[in-house]
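**Q** Sending over a structure as structure tokens; questions will come in a sec.
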Amino acid sequence: MKKILSKKRMGTTLKAAPRQKRFAIKTKISPKLKKQRPLFQKRVSFAKFSKDTKKTQKAEEFVKTGIIGFDALLDQGIPKGTSVLVAGGTGTGKTIFCLQTLFNAAQRGEKCLYLSFEESEQRLKKHLDDFKWDWRDLEKKGLLKIVRKEPFSMTASIEAMLAKAKGELLIDINEVLEIIPKGFQPDIIAVDSITAIASAFGKKEEGYRIFIEQLFRYFETLTITSFFISETEQMPTIYSSSGIEEFLADGVIVLYALKQGNIRENALEVLKLRGAKHQKKIVAMQITDRGMEVYPEQEVFGKIGE
Amino acid sequence: MNPLQIRKKVVAQLTKIKSKQGIYTFVSKPEDYFTVNKAIISYLTKNLKFCGVYISLNNSCKTMLDLFDKEKIDTKKLWFIESADKEQKSKIKNCVSLHSNQSLTELSLSISTACKNDMIKFVFLDSISTLLIYNNLETTERFVHYMVSKIRNLGFFAVLISIDEEKSNKLIPILSQFCDKIIKI
């Protein structure tokens, strides 16, 4: 009611005041405003500053892969601290995707760890050399680390732990397995591959399931953005060996080698990504001399679903 | 019809087209195929002074260059995309080699890359009939439709060559839906 009254009052005064008077009022006020301007400006710039900070903070909450065309599939990027399953058949470019993402992130100053359960460190470094990605300086600076782990010895340790804990893995897995090298605090980790870990467990699926769940949670607790490579069929219907990883992971990126006559064409899809908007389509991808390149607007002509 | 008559017919048809944009399909008899191709390229590069992309799925880039040189066509105005020279990748500067006639995504990407050049004004696809040898009707149709839409958006002039034979003729009614004109020579 008060509000209405004041509005009414304001309205009447303005209406009652002749044009010139109104103008005079304005001019009377303007020197005051002029005096206040610097302060007012300061306030605006502070507001702008805080808005900008919010923006950068928001941008900092997402990880960019730096892969040409790929980030355009995502609204802002991959949310920091999330786990992403990178699934695909043989030769679809899973390792390249992860190596390139980690290399680009390391170049931006983020600490990255590539955990290989398959290829040797030398071979992975050779891949980086093939694309002319200079990893040496990044390694020296402690920004990029490639570590090879033996899946079978790790499995034995996990089994022993499981036996002790009567089926429940409740202890700090890093303390026992040293998944992350001591003194290294990575922002991004790539695990290549969970398929190798699963096969090292053999028929002990229960043990693998407990371990993999703990591993996902462990990285999550440390707010590490993690990429888990999963070897699948060329046209997968499930994206991991046990089928639970795609539920545990916040995101699933699927890489395809689609059949077109007697050749195969590369394609890629962001199947899911919790907490981030993304395009839902299969797009063309190529592995060039410079690494992976994604073409968000390019339709693929290879057969999907074969 | 002798080559001169064919040439005259092609030029007459091209002169009728007033727009410098649009998609046109030329259907030629197998024996007239080379004459038709040469006549169109000659008109586009000499008369209209256009630079363009020549997609050669039948012959190697080298074969086409020799052929055009004989016709005194300025080959510097042409950017080639070839898939025929599978054994040895082309070392010619203005030529890109595809892995296969079935790599339609790769072909599409190569066309897109070539079209980024500001000089490019036309795209010449030689030929739809070859695409149909390596790809099924449905895939070829999807590819041509996709490319035609893309070229149209770019505002280019495009010529699609098709041989007058049973398999290719199945595509003509579909092509007529999204091409500006089907020209039978």
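Quick note: the coordinates plus some simple rules give every number you see, no bench work behind them. Worth saying up front: this structure is predicted, and the values here are computed from it rather than measured. No Cβ is skipped: glycine too gets one built from the backbone with ideal geometry, and neighbour counts run over all protein chains shown.
**Q** Suppose every Lys and Arg Cβ carries +1 and every Asp and Glu Cβ carries -1, with no other charges. What dipole size does the range A:70-304 come out with about its Cα centre, to the nearest 20 debye?
**A** Numbers: 30 positive and 34 negative charges, 23 e Å.
Value, rounded to 20: 100 debye.
**Q** Oh, and also: Would you please put B:33-41, A:187-195, A:294-302 in order of how densely packed they are, using the mean number of other Cβ atoms within 10 angstrom per residue and starting with the highest?
**A** Numbers: B:33-41: 22.6, A:187-195: 24.7, A:294-302: 19.9.
Output ranking for B:33-41, A:187-195, A:294-302: A:187-195, B:33-41, A:294-302.
**Q** Hey, another quick one. Running a GNM on chain B with Cα contacts under 10 Å, which residue among B:155, B:22, B:52 ends up with the highest mean-square fluctuation?
**A** Its mean-square fluctuation being the largest, the pick is B:155.
**Q** I would also like to ask the following. List, in the order given, every pair from A:182/A:277; A:94/A:303; B:18/B:93; A:281/B:20; B:16/B:93; A:80/A:149 whose Cα-Cα distance in the structure shown is over 27 Å. Walk me through the intermediate numbers first.
**A** Values: A:182/A:277 35 Å; A:94/A:303 20 Å; B:18/B:93 33 Å; A:281/B:20 34 Å; B:16/B:93 34 Å; A:80/A:149 25 Å.
Those over the limit are A:182/A:277; B:18/B:93; A:281/B:20; B:16/B:93.
**Q** Taking R0 as 25 Å, what FRET efficiency do you get between residue B:153 and residue B:72 from their Cβ-Cβ distance, rounded to the nearest 0.05? Don't skip to the answer; put the middle values down first.
**A** Details: r = 33 Å, r/R0 = 1.34.
Between residue B:153 and residue B:72 the formula returns 0.15.
**Q** Give me the net charge for the shell around residue B:137: Cβ to Cβ below 11 angstrom, other residues only, Lys and Arg +1, Asp and Glu -1. Spell out each step's value before the answer.
**A** Working: positive: B:142, B:167, B:170; negative: B:138, B:141.
Local charge sum for residue B:137: +1.
**Q** In addition: Give me the inter-chain shielding for A:278-287: mean count of other chain Cβ atoms within 10 Å, whole number please.
**A** Numbers: counts 0, 0, 0, 0, 0, 1, 4, 1, 3, 0.
Counting Cβ atoms of other protein chains within 10 Å of each residue's Cβ and averaging gives 1.
**Q** If each residue's Cβ is checked for other Cβ atoms within 10 Å, how do A:208, A:218 rank with the fewest at the top?
**A** Values: A:208 22, A:218 18.
Ordered by Cβ neighbours within 10 Å, fewest first: A:218, A:208.
**Q** Efficiency by 1/(1 + (r/R0)^6): what FRET value for residue B:113 and residue A:182, r their Cβ-Cβ distance, R0 = 35 Å, to the nearest 0.05? Walk me through the intermediate numbers first.
**A** Working: r = 48 Å, r/R0 = 1.36.
So the FRET efficiency works out to roughly 0.15.
**Q** Give me A:133, B:79 ranked fewest to most by other Cβ atoms within 10 Å of their Cβ, as a rough exposure proxy. The partial results should precede the final answer.
**A** Working: A:133 20, B:79 24.
Going from sparsest to densest Cβ surroundings: A:133, B:79.
**Q** Test of understanding: what is the full-extension gain from residue B:4 to residue B:145, defined as 0.36 nm times their sequence separation minus their Cα-Cα distance? Kindly include the intermediate steps, with their values, before the conclusion.
**A** On the way: separation 141, 0.36 × 141 = 50.76 nm, distance 3.29 nm.
Between residue B:4 and residue B:145, full extension yields an extra 47.5 nm.
**Q** Still on this structure: Mind checking A:292-301 for the average number of partner chain beta-carbons within 10 Å of each residue's beta-carbon?
**A** Numbers: counts 0, 1, 0, 4, 0, 2, 7, 10, 3, 13.
Per residue, the average neighbour count from other chains is 4.
**Q** Is there a quick way to get the dipole size of the range B:81-185? I mean about its Cα centre, with the Cβ of Lys and Arg at +1 and of Asp and Glu at -1; what is the value in debye to the nearest 20? Don't skip to the answer; put the middle values down first.
**A** Numbers: 13 positive and 12 negative charges, 67 e Å.
The dipole magnitude comes to about 320 debye.
**Q** As a test, work out the antiparallel percent of DSSP beta bridges whose residues both lie in the range A:70-304, rounded to the nearest 5. Could the numbers behind the result be given before it?
**A** Working: 19 of 44 bridges.
For the range A:70-304, the DSSP antiparallel bridge percentage is about 45.
**Q** Which of the peptides B:10-21, B:141-152 is most tightly packed, and how do the rest follow, going by the mean number of other Cβ atoms within 10 Å of each residue? Don't jump to the answer; show the numbers that get you there.
**A** On the way: B:10-21: 13.4, B:141-152: 18.6.
The densest-packed peptide leads the list: B:141-152, B:10-21.
**Q** If R₀ is 41 angstrom, what is the calculated FRET efficiency for the pair residue B:181 and residue A:90, using the beta carbon separation as r and rounding to 0.05?
**A** Details: r = 47 Å, r/R0 = 1.14.
Result of the calculation: an efficiency of 0.30.
**Q** I've got another one for you. Which Cys residues of chain B have no other Cys Cβ less than 4.7 Å away and so no disulfide-compatible partner by this rule?
**A** By the Cβ distance rule, which asks for a partner under 4.7 Å, the isolated cysteines are B:51, B:115, B:179.
**Q** To continue, here is another question. Net charge around residue A:155, counting only other residues with Cβ within less than 11 Å of its Cβ (Lys, Arg = +1; Asp, Glu = -1)? Intermediate results must be reported in sequence, preceding the final value.
**A** Working: positive: A:149, A:204; negative: A:150, A:159.
So the surrounding residues net to 0.
**Q** Please list the three semi-axes, largest first and in whole Å, of the ellipsoid equivalent to the range A:70-304, using sqrt of 5 times the eigenvalues of its alpha carbon gyration tensor.
**A** Values for the range A:70-304, descending: 28, 21, 17 Å.
**Q** Based on other C-beta atoms within 10 Å, arrange B:113, A:232 from fewest to most. Working shown, then result.
**A** Details: B:113 13, A:232 22.
Ordered from fewest to most neighbouring Cβ atoms within 10 Å, B:113, A:232 come out as B:113, A:232.
**Q** Could you give the C-alpha radius of gyration of the range A:196-306 expressed as a fraction of 2.2 N^0.38 Å, taking N as the number of residues it contains? Present the calculation step by step, with values, prior to reporting the outcome.
**A** Numbers: Rg = 16.0 Å, N = 111, 2.2 N^0.38 = 13.2 Å.
The reported ratio for this selection is 1.21.
**Q** Let me ask another. Among residues other than residue B:162 whose Cβ falls under 15 Å from its Cβ, what is the net charge (Lys/Arg +1, Asp/Glu -1)?
**A** On the way: positive: B:29, B:167, B:170, B:181, B:184; negative: B:31, B:32, B:126, B:141, B:164, B:165, B:166, B:180.
Here the count lands on -3.
**Q** For residue A:150 paired with residue A:121, estimate the spin-label separation in nm (one decimal), with each label point 7 Å from Cα along the Cα-to-Cβ line.
**A** According to this spin-label approximation, the distance is 1.5 nm.
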